[in-house]
């Protein structure tokens, strides 16, 4: 439904024009701003997005841990080289 906003807007424009033109009224534009998604669809979208979000968090966490280990090694290296 979200991806069809423009086609829905055009269809609404056509319907409104049919009803208002005989009265001399012209609708200049139609824009759908607030689309209410049914709760079941919202839940399904959330369930689908959850594994992706978890994977991104895990990847990000692993990268941060790796950077931290590298940084720690670099900081400790001068200490190891002291005679």
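So what is the calculated 222 nm ellipticity per residue for the chain, using -39500 (n - 2.57) for each DSSP H run with n of 4 or more, over all residues, to the nearest 500 deg cm²/dmol? If you can, show how the numbers build up before the last one.
On the way: 2 runs with 58 residues, N = 83.
It lands at -25000 deg cm²/dmol.
What do you get for the angle between helix 39-80 and the principal long axis of the chain? Use alpha-carbon atoms, 0 to 90 degrees, nearest ten.
Helix 39-80 sits roughly 20 degrees off the main axis of the chain.
Measuring from centroid to centroid over Cα atoms, what is the spacing of segment 48-66 and segment 6-42 in Å?
When both Cα centres are located, 40 Å separates them.
For helix 5-20, report the angle its Cα long axis makes with the longest principal axis of the Cα atoms of the chain; keep it between 0 and 90° and round to the nearest 10°.
It works out to around 20 degrees.
Given that just one value was derived from the coordinates, which of (1) 58, 30, 28; (2) 35, 31, 25; (3) 96, 28, 14 is Cα extents along the principal axes in Å?
(3)
Run the numbers for residue 57 and residue 26: contour at 0.36 nm per residue of separation, minus the present Cα-Cα distance, in nm. Walk me through the numbers on the way to the answer.
On the way: separation 31, 0.36 × 31 = 11.16 nm, distance 5.14 nm.
Net length gain for the segment: 6.0 nm.
Take residue 12 and residue 44, extend 7 Å from each Cα along the Cα→Cβ direction, and tell me the distance between the two endpoints in nm.
2.3 nm
When the chain is treated as a GNM, springs tying every alpha-carbon pair under 10 Å, which of 51, 38, 22 comes out with the largest mean-square fluctuation?
Highest fluctuation of the listed residues: 22.
Throughout, read-outs are computed from the coordinates displayed, never taken from laboratory work. These numbers were taken from a predicted model, which means no experiment stands behind them. Cβ sites come from the backbone with ideal geometry, for glycine too, and all protein chains shown count toward neighbours.
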